[in-house]
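Trainee: Mind having a look at this structure? Questions to follow.
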Amino acid sequence: MATSIHVENLVKTYSGPREVTIFTDMSFVVNPGERLALIGESGAGKSTLLHLLGGLDRPTRGSICYGDTDITRLSPAALAEFRNRSLGFVWQVQSLLPEFTALENVMMPLLVRGASPLAAQGPAEAMLAEVGLGGRLHHRAGELSGGEQQRVSLARALVTEPEFLLADEPTGNLDESTATQILDLIERLQSRRAFTSIIVTHSPTLARRSTRTLRLSRGGLFALETNFPNSGTVTMEPESHV
Ligand SMILES: Nc1ncnc2c1ncn2[C@@H]1O[C@H](COP(=O)(O)OP(=O)(O)OP(=O)(O)O)[C@@H](O)[C@H]1O
Ligand SMILES: [Mg+2]
């Protein structure tokens, strides 16, 4: 459990009729065990960056290495396998299957990796108990409250015991106290399971409770700043935004 993420010279341009460059040349390192907050105004490219880190989208140029593995060079099958094995993802938009129960939703990534339903059930139940939803196993996801759904999403992301958790505004639509509970939960789980987390947030509270904050900003050029000068690099390539 000591894999760093090295992002080098990342460029992302969405092509098409409304071509837009999100990053021009971005490099940074995420150290093992960090709880990294990624902040920045709406449209700055936070979700884009998280999707690239999660292998859900490909950069225009640049590399994203988890240890020795450059995920930008993996075949689709190898990438899918890497994601299932090493990454847990909580999406900005609710992504549970609403007609399936909380338990079935959390079992899903284990089934994807080839576990039998019988083998998947135990760990999924244990994970749901860990996020405080032992009493909601058989509720359909669509019947759960927003905060409960976020906890199921977290359970689904962590049931495979990934080395990395990538979460896009996991407390985005929640009231302050529920958001704090989710945060407490992530911290508790992280101290127990020692994964590295990258969490996109608009919440100053969440950012304060991270071990490091990176700000993604826009305004003609895109820059990445860090409040701990030595733990991440700051790379900006001033280039007109198109
Ligand atoms: N598939 C796409 N094609 C073209 N442009 C896109 C695409 N996806 C995102 N963008 C643009 O890229 C920019 C960054 O989007 P992104 O979703 O990464 O922002 P964000 O920082 O996550 O914002 P928010 O805080 O609102 O979630 C936006 O201007 C958006 O319109
Ligand atoms: Mg976003």
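Trainee: Which one of SER153, SER197 is modelled with pLDDT of 90 or more, part of a helix (DSSP H, G or I) and either buried (at least 18 other Cβ atoms within 10 Å of the Cβ) or among the aromatic types (Phe, Trp, Tyr) (or both)?
Mentor: From the options SER153, SER197, the qualifying one is SER153.
Trainee: List the number of the failed condition for ASN105; all other conditions in (1) more than 16 Å from ligand 2 (Cβ to nearest atom); (2) closer than 26 Å to GLN190 by Cβ; (3) in contact with a Lys or Arg (Cβ under 7 Å, 6 or more places away or on another chain); (4) assigned to a strand (DSSP E or B) hold.
Mentor: Just one mismatch for ASN105, condition (4).
Trainee: If you don't mind, there's one more thing I want to ask. Read through the list (1) more than 12 Å from ligand 1 (Cβ to nearest atom); (2) free of Cβ contacts under 8 Å to residues at least 24 places away in the same chain, then give the number of the only condition that HIS51 fails.
Mentor: (1)
Trainee: Hey, another quick one. Is it the case that segment 103-120 has a residue that's modelled with pLDDT of 95 or more, at negative phi and within 16 Å of ligand 1 (Cβ to nearest atom)?
Mentor: no
Trainee: Could you check GLY67 against (1) more than 16 Å from ligand 1 (Cβ to nearest atom); (2) in contact with a Phe, Trp or Tyr (Cβ under 7 Å, 6 or more places away or on another chain) and say which number it fails?
Mentor: So GLY67 meets the others, but not (2).
Trainee: Moving on to the next point. So which strands (runs of 3 or more DSSP E) are wholly in segment 1-72 and hold at least 1 residues that are closer than 25 Å to THR205 by Cβ?
Mentor: It comes to 5-14, 20-30, 35-39.
Trainee: List every residue pair whose Cβ atoms lie under 7 Å apart, where the two residues are 6 or more positions apart in sequence or sit on different chains, the first residue falls within segment 7-35 and is acidic (Asp, Glu), and the second residue, located anywhere, is surrounded by fewer than 16 Cβ atoms within 10 Å (Cβ to Cβ).
Mentor: Close Cβ pairs satisfying both conditions: GLU8/SER63; GLU19/THR13; GLU19/VAL242; ASP25/ASN9; ASP25/GLU237; GLU34/THR211.
The values are calculated or read from the model by the stated rules, or taken from the named source; none is laboratory data. All of these numbers come straight from a predicted model, not from anything done at the bench. Note that each Cβ is placed from the backbone with ideal geometry, even for glycine, and that neighbours are counted across all protein chains shown.
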